[in-house]
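Structure first, then comments.
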Amino acid sequence: MIAWDDFRLVRAIAETGSLSGAAERLAVNHSTIFRRLGALEEQIGARLFDRSRAGYVPTPTGEEMVRLAERMGEEVAAVERRITGQDLRPSGELRVTTNDSMLIHMLTPVLASFRMAYPEIRLEVVVTNSSLSLSKRDADVAIRASDRPGDALVGRRIASIGWGVFARPDLVPGGRLEPGDLRRHDWIGFSDALSGIKPAKWLRERVGEERLVYRVNSVLGLAEAAAAGIGLTVLPCFIGARTSGLARYLGPEPEMASGLWLVTHPDIKTTARVRVFMDHVGRELHRQKASIEGVDETQPAAHEPTAV
């Protein structure tokens, strides 16, 4: 009989292409993975992987086990969601995913107030620019900047994230930036990992690739580079307004806007800890809506620059 852990083992090796990668994913050491794979192949009397310089490649038998492991994993995740959805008390662990810029400039005070209101709920925050799967229980709740947060998910659209042009005042003589002036300046842009988002497209069309003198794969990196005086850049208005030394010269620009979503999986939406989290965070973020959309009158504009 092949154990469920054996299927997980084969899937981890196939997905990572190495024993060391599988060991890291399964939180065991390399020698354990090596012994378990050898024992499993001996047990079933078939080789599961071809070993080469490129890594571990599944044989036809291995591929069959991987496919079955994927189906089994989906079923296990579905059962976990249904069981979790029956929980009636606001307690236990809750895994939340978001990106670094939202966590630092928007969410940490909100999460702190949630912890004070619900001390029996333990939060784990997973920071990533990729979209973790809520169906596979990679996270319970996602706070996403997206126009399409996931068709199979439920939640609410909190606001439209407004983006504008920000720079240090000394880089914009006269304190005004006209649309025709854009190509006269050095700009900070996005590296390939973020080249598909709307602000990156706006920069390509309005500024041109040749004027992008510095690229980075993090919105936080954009803000820091702009504050250091490397060039002008585009930022979510709520980040630009809170970055010392920057002033906003254009925006919010409709072509760069994206939605801010708070979403979860339908199977766990009635779970007590998920429900109270969605309610609390949704309410607190709604209070910041003007700042998020870039229409907050307290944000510094170009004629009211923040002191360097």
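The values are calculated or read from the model by the stated rules, or taken from the named source; none is laboratory data. Everything quoted here is computed from the prediction, not taken from an experiment. Reconstructed Cβ throughout: ideal geometry from the backbone, glycine too, with neighbour counts over all protein chains shown. These accessible areas exclude ligands, DNA and RNA; they are computed on the full protein's heavy atoms, side chains included. Shrake-Rupley method; radii C 1.70, N 1.55, O 1.52, S 1.80 Å.
Take Ile197 and decide whether it is under 28 Å from Asp140 (Cα atoms) and open to solvent by less than 20 Å² (accessible area, probe 1.4 Å). No, not satisfied.
If a residue must be in a helix (DSSP H, G or I), touching a Phe, Trp or Tyr at 6+ places or on another chain (Cβ under 9 Å) and open to solvent by 20 Å² or more (accessible area, probe 1.4 Å), how many such residues does the range 1-20 contain?
Taking the range 1-20 first, the residues in a helix (DSSP H, G or I) are 4-16, 19-20.
Now drop any that are not touching a Phe, Trp or Tyr at 6+ places or on another chain (Cβ under 9 Å), which leaves 10, 13-14, 16, 19.
Those left that are additionally open to solvent by 20 Å² or more (accessible area, probe 1.4 Å): 14, 16.
Qualifying residue count for the region: 2.
Selection within the range 247-298: residues that are part of a strand (DSSP E or B) and hydroxyl-bearing (Ser, Thr, Tyr). The member of this set that is least open to solvent (accessible area, probe 1.4 Å) is Thr264. Would you mind stating whether Thr233 is touching a residue at least 40 places away in the same chain (Cβ under 8 Å) and assigned to a loop (DSSP other than H, G, I, E, B)? Criteria not met by Thr233.
Please work out if Pro90 is part of a loop (DSSP other than H, G, I, E, B), at pLDDT 90 or above, within 22 Å of Arg275 (Cβ to Cβ) and of a type outside the set (D, E, K, R). No; evaluated as a whole, the condition is false for this residue. Would you confirm, using the coordinates I've provided, whether Glu41 is acidic (Asp, Glu) and loosely packed, with under 13 Cβ neighbours inside 10 Å? No, not satisfied. Filter the range 220-242 down to residues that are out of contact with any Leu (no Cβ under 7 Å at 6 or more places or on another chain) and open to solvent by 10 Å² or more (accessible area, probe 1.4 Å), then give me how many there are. Total meeting the criteria: 7.
Taken residue by residue, the range 93-100 has at least one member that is within 30 Å of Val219 (Cβ to Cβ), touching a residue at least 60 places away in the same chain (Cβ under 8 Å) and either part of a loop (DSSP other than H, G, I, E, B) or out of contact with any strand residue (DSSP E or B) (no Cβ under 6 Å at 6 or more places or on another chain) (or both).
Those residues that are part of a strand (DSSP E or B) and either touching a Lys or Arg at 6+ places or on another chain (Cβ under 6 Å) or open to solvent by 60 Å² or more (accessible area, probe 1.4 Å) (or both), I need them from the range 44-62; list them, please.
Residues of the range 44-62 that are part of a strand (DSSP E or B), as a first pass: 49-52, 55-58.
Of everything in the range 44-62, those that are part of a strand (DSSP E or B) and either touching a Lys or Arg at 6+ places or on another chain (Cβ under 6 Å) or open to solvent by 60 Å² or more (accessible area, probe 1.4 Å) (or both) turn out to be Asp50, Arg51, Ser52, Val57.
Kindly provide the set of residues from the range 135-155 that are touching a helix residue (DSSP H, G or I) at 6+ places or on another chain (Cβ under 8 Å) and in a strand (DSSP E or B), ordered by number. The answer is Val141, Ile143, Ala145, Val154, Gly155. Whenever a residue of the range 244-264 is aromatic (Phe, Trp, Tyr), its partners that are open to solvent by less than 20 Å² (accessible area, probe 1.4 Å) and part of a strand (DSSP E or B), lying with C-beta atoms within less than 8 angstrom and at least six residues away or across chains, give the pairs Tyr249/Gly164; Tyr249/Val165; Tyr249/Phe166; Tyr249/Ala167; Tyr249/Leu232; Trp261/Ala142; Trp261/Ile143; Trp261/Ile158.
Can Gly189 be described as crowded, with 22+ Cβ neighbours inside 10 Å, outside any helix (DSSP H, G or I) and among the small types (Gly, Ala, Ser)?
yes
Residues that are closer than 19 Å to Thr270 by Cα and hydroxyl-bearing (Ser, Thr, Tyr) were ranked within the range 98-134; the one that is modelled with the lowest pLDDT is Ser133. Candidates Leu107, Leu68, Leu26, Leu94: the one that is surrounded by fewer than 19 Cβ atoms within 10 Å (Cβ to Cβ) and either small (Gly, Ala, Ser) or under 23 Å from the mean Cα position of the chain (by Cα) (or both) is Leu26. When the range 171-195 is filtered for residues that are within 21 Å of Pro252 (Cβ to Cβ) and touching a Phe, Trp or Tyr at 6+ places or on another chain (Cβ under 9 Å), the ones remaining, listed by number, are Val172, Gly175, Arg176, Leu177, Trp187, Ile188, Gly189.
Can you pull out the residues in the range 25-45 that are aliphatic (A, V, I, L, M) and within 13 Å of Ile2 (Cα to Cα)?
As a first pass, look at the range 25-45 and keep what is aliphatic (A, V, I, L, M): 26-28, 33, 37, 39-40, 44.
Leu37, Ala39, Leu40, Ile44, listed by residue number.
Taking the criterion of being at pLDDT below 90, surrounded by fewer than 16 Cβ atoms within 10 Å (Cβ to Cβ) and either touching a helix residue (DSSP H, G or I) at 6+ places or on another chain (Cβ under 8 Å) or within 15 Å of Leu235 (Cα to Cα) (or both), would at least one residue in the range 156-172 satisfy it? Scanning the range 156-172, I find no residue that is at pLDDT below 90, surrounded by fewer than 16 Cβ atoms within 10 Å (Cβ to Cβ) and either touching a helix residue (DSSP H, G or I) at 6+ places or on another chain (Cβ under 8 Å) or within 15 Å of Leu235 (Cα to Cα) (or both), so the answer is no. Among the conditions (1) modelled with pLDDT under 75; (2) surrounded by 15 or more Cβ atoms within 10 Å (Cβ to Cβ), the only one that Val79 does not satisfy is (2).
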